[in-house]
Amino acid sequence: MDHLSKLGWLAAEILLQDSFSKENYQPEEVGMMITNANASLDSDLKYLASVSDIPSPALFVYTLPNIMIGEISIRNNFKGEAAFFISAAFDAGFIEVCVNNLFKYSGLKACICGWVDVIGEEYKAVLFLVEKGCNEGEIPFDKQEMNKIFEQSLIE
């Protein structure tokens, strides 16, 4: 597992540890929609550095953003729709539209969504757990709230 996959997997583990009851959902009712700017660039750069002196066709770069989604899904037995998108920057409006469409058309009732990115020592992981419907006292799932949380996490 490369650094991107490890970061996403760890962020999902932290997100789910206290606030989510998997027992309330069937495996196919929980999905994911994750974005970043660099896909597997961190692992690609490490691979290129490792073969800079001696080419090695035996060294295979084992990295794709979908591996991260796969690791999270396997660990938690999530079998719902999942997607990984590449965008230039965090786009809360895009995430909001995609997740709402997943709820409307796919039968999902819960979704992990957000941003996971890593290059060298720079990393960022902001994941949101969204459950269909909003109960009183819960933070609404919309781009304004996601942007507030994302911007706040840049400061910390």
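Just subtract the alpha-carbon distance of Lys143 and Tyr105 from 0.36 nm times their residue separation and send over the number in nm, one decimal.
11.7 nm
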Under a plain spin-label model, where a point goes 7 Å from the Cα along Cα-to-Cβ, how far apart in nm are Asp18 and Ala49? 3.5
Lysines whose Cα lies under 22 Å from that of Lys104, excluding same-chain neighbours fewer than 8 positions away: Lys22, Lys79, Lys132, Lys143
Separation between the Tyr123 and Ile74 pseudo-spin-labels, each 7 Å from Cα along Cα→Cβ, expressed in nm? 1.9
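No value in this document is a laboratory result; all are computed from the given coordinates. Model, not experiment: these values are computed from the prediction. Neighbour counts are summed over all protein chains in view; Cβ atoms, including those assigned to glycine, are modelled from backbone coordinates with ideal geometry.
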